[in-house]
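What follows is one structure encoded as C-alpha cells, with my remarks underneath.
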Amino acid sequence: MYVVATAGHVDHGKSTLVRALTGVEPDRWAEEKRRGLTIDLGFAAMTTPSEKQVAFVDVPGHERFLGNMLAGLGPAPIVCFVVAADEGWQAQSAEHRDAIRALGIERGVVAITRTDLAPNGAAEVVDQARRELAETGLRDAPVIAVSAVTGDGIQELVDALEGVLATAPDPLVDSRIRVWIDRAFSIKGSGTVVTGTLSAGTICTGDRLTLHGAGDPAEVSVRGLQQHDAPVTRVTPVSRVAVNLRGIEAGAVHRGDVLTTGGQWQLTDSIDVRRCSGPPLTDLPEQLMMHVGTLAIPARIRPFGAETARVTCDRDLPLTLGDRIILRDSGSRSFAGVQVVDVDPPALRRRGAGRRRAQEISARPTTGDVRAEVARRQAVTVERLQQLGVQVPEAPPTGVVAHGDWWVDEAALTEWAGTLRTAVETDRTRNPLSAGLSRGAAADLLQLPDPSLLALVVTRAELSGSGSAITTSAGTDDLGPAEEPVAHVESRLRELPFAAPEADELTRLGLGARELAAAERVGRLLRLPGEVILLPTAPALAMRELSRLPEVFTTSEARKALDTTRRVAIPLLEHLDARGWTRRIDAGHRSIVR
C-alpha cells in the first residue's frame, strides 16, 4: 500500500478529486457534507491498474483548519497537490506549499483541477504552479490537468501517480514501529480502535506495543488489524492501518498520541534542530506550536542562531534523528521547517554554551555522527545508538573501540587507563602489603557507565585484574617494612627447606597474617594450613625426596625423608595430594602418582 495526502487551497476540489479516483466520499462529518467544506481529515482508498493499493488522506484547505491539515500531511510520504484551473494559486496554496517544503516531502503529483470551469486557463495555471513549487520536493513532479466532473485527465493522473509510486523507496519492514494516531474511537464488541499511517515496521495481531500520550506510557496489545476496511493479521509499511487495542479506553487516546515498539525509542522533551525552510529561527517567538506527525503541541524555542536552536515541550515524545518538524507562529501564521539533529542534547550551563552548540550541530549529518555520539558519552551501547536514531556501521569507526555490546571512545579509554594505573601504583607505593586496588574502588574512581568496561580499562592500562583486586602486571616483590624479615625466612628455608618457622618466631620477626599474605601474593612464600610457611619451591623439593621411598610409603617415612616435623609433613603431603602429585591410599599410606 502507498499513502498519499492531498494539499491545496480551500474549495479547489481536493475531496471531489479523491471521490473521482476512489469512488469513496472522504468527508466523514454531516457538517462537512452539508457545508461542502472539508473540516477534518478524510480517508479513501483505491487500487491502481497495476494492482498498487493507494490510501488517500484528504486534508482541509481552509485556513481555520491548518492544524488538521498539518496532521494529515505530517506522516505522509507522497502528496497530491491540487490547484484549481479557474482560480489559480491562492493563499492556502502557498501555505500548503510551505508545509510540504518544511516536512521535506519529495514525491507527488500536481493536479490542475476544475478544468471544466476554465477550459482555456489550465496552461497558465500549470506554469504558475511550477514556479511556486520550484523550491520544494515537487519541483519536477508531473502536472496533470483534470476535471473530476467530466473525467477528463483522470486516467492520465492515475498513470502519473503510478510513475511516482514506482520511485518510492522500499519500506523498512523490519524497522521499529511508530504510528502517529489521527483517529481514536470505540466499536461495540471490539473496543478501542485507533488509525494512523504505518511508515516503517510490521504490526501483527498479538503484538505488544507502547502508547505514548499526554500521561504515562501505557502498554497495550494488538487485538485486531484492518487494512482497506478488511481484517488482516499482519500489516507492513507504508500503510493506512486500523488497530484494535486491548488495555486502553478509547477516551484516553487522542490525535497526536503515538504507538511504538516498546523500549526502542528515545523519549525526549528537548531536541536540537537545524532550519530547513522558513524564516530565520531568531525571528520566531519564544512560545510557538510544534507540529510533528499528527501532533500539535505548545513548545519553546531557544535559538543558537538563525539556523539552529533547541526546542523544548512539556511532554516526552518518541523522536529520532532526521525527523521533520514544523514550528508555527500562530499569531502571524508563518512557520519554519526544521530537522532534528539531536534527541538527547547536552545541558547548556556555561556562558557561551549556545554558540558552541551551534558550531557542533551546524554540519552534523541527520543520520547521526557515530564518532561524535560515542565521544560525547565516552561509552555507549550499539542498542542505545540505534535508539537515538544513529545509523550504526557494521564495524566501529576510527577512534572507537568495541567491547562486547559497548562502543568506547579511544580518548576516554586512554584517560581511564591512565587514571587507573596511577591509582594502582599510588596504592602500591603507600602500602606495599596491599593486595591491590579493589574492583569496587576502581569502579568508584572511574565512574564507568557499566562495570563490564573495567576489564577493558585494566587491559589498556597493562594491569592485572584476575582476582578481586587490580595490580601491576609485572608486580613487585618489594614488601616494604616486611622485606627484611621475609628475606630472613627465605634464607633459612633455602638451607633447611622443610624447617618451617614456629609461630612465636614469626611474631618476633614481625610477620603477621597480613605480611605473610603479601609475601605469598608476590610469590615469595608458600602458606599451608596451620600457618606452615615454606618456600614456593618446597613441593617440588619434597617430591624429589619422596621419589626415593617405596612405591607405597607411610606418613612417618615421608616425615623422616623430609627431615621435618609432623606439623609440617601433614599439610605438605595434603598439598601434594591436592596438586595430584601424590595419592592418599588410607589414613597412613600414600603413593606417588606416576
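Quick notes on this structure:
- Point-charge dipole on Cβ atoms (K/R +1, D/E -1) for the chain, about Cα centre, debye to 20: 1200 debye
- The stretch 80-152 - convex hull of alpha carbons, volume per residue in Å³: 74 Å³
- In the stretch 361-461, the trypsin sites (Lys or Arg not before Pro) that fall in loop regions by DSSP, at most 11 other Cβ within 10 Å: none
- Of all stretches in the chain that contain no GluC sites (Glu not before Pro) in a DSSP loop with at most 12 other Cβ atoms within 10 Å, the longest one is 136-248.
- On a per residue basis, the convex hull of the C-alpha atoms belonging to the chain measures out at 227 Å³.
- Residue-averaged [θ]222 nm for the chain, counting only DSSP H segments that reach four residues, each worth -39500 (n - 2.57): -9000 deg cm²/dmol
- Using alpha carbons only, the radius of gyration of the stretch 191-233 set against its Kirkwood radius gives Rg/Rh = 0.96.
- Trypsin sites (Lys or Arg not before Pro) lying in DSSP loop within the stretch 130-176, provided at most 12 other Cβ fall within 10 Å: 139
- Average 1/r across all pairs of distinct alpha carbons in the stretch 353-508, invert it, and you get the Kirkwood radius: 19.1 Å.
- Using alpha carbons only: equivalent-ellipsoid semi-axes of the stretch 48-92, gyration tensor based, whole Å: 23, 17, 7
- J(HN,Hα) series, the stretch 152-166, from Karplus relation 6.51 cos²θ - 1.76 cosθ + 1.60, nearest Hz, glycine and proline x: 4, x, 5, 5, 5, 5, 5, 4, 5, 5, 4, x, 5, 4, 5
- Between residue 531 and residue 560, the modelled label-to-label distance comes to 3.2 nm, taking each label 7 Å out from Cα in the direction of the beta carbon.
- Whole-number D in µm² s⁻¹ for the stretch 246-375, Kirkwood Cα-pair radius fed into Stokes-Einstein, 37 °C, 0.692 mPa s: 212 µm²/s
- As computed over the stretch 505-594, the Cα convex hull volume per residue (Å³): 96 Å³
- If you take the Cα centroid of the stretch 128-197 and the Cα centroid of the stretch 543-574, the two points sit 93 Å apart.
- Estimated translational D of the stretch 110-185 in µm²/s (Stokes, Kirkwood radius over Cα pairs; 37 °C; 0.692 mPa s): 219 µm²/s
- Between the stretch 261-335 and the stretch 367-424, the C-alpha centres lie 29 angstrom from each other.
- For the stretch 200-269, the direction-averaged projected area of the alpha-carbon convex hull comes to 5.0 nm².
- For the stretch 391-442, the calculated P(r) over all alpha carbon pairs, in 10 Å bins from 0 to the bin holding the longest distance, is 22, 36, 23, 15, 4, 0 percent.
- The stretch 343-391 - Rg (one decimal) and Dmax (whole number), Cα, Å: 11.5, 33
- J(HN,Hα) series, the stretch 68-80, from Karplus relation 6.51 cos²θ - 1.76 cosθ + 1.60, nearest Hz, glycine and proline x: 5, 4, 5, 5, x, 6, x, x, 7, x, 9, 10, 10
- Average silhouette area of the stretch 438-594, convex hull of alpha-carbon atoms, in square nanometres: 11.9 nm²
- Relative contact order computed over the chain (Cα-Cα under 8 Å; 6+ residues apart), in percent: 7 percent
- Amide H partners (placed H, <5 Å) of residue 45, local residues excluded: 56
- With respect to the chain, whose longest principal axis is taken over its alpha-carbon atoms, helix 483-495 is tilted by about 50°.
A short reminder: the numbers here are calculations on the coordinates, not readings from a lab. Since the model is a prediction, treat every value here as computed from it, not as a measurement. So basically every Cβ, Gly included, is an ideal-geometry build from the backbone, and we count neighbours across all protein chains shown.
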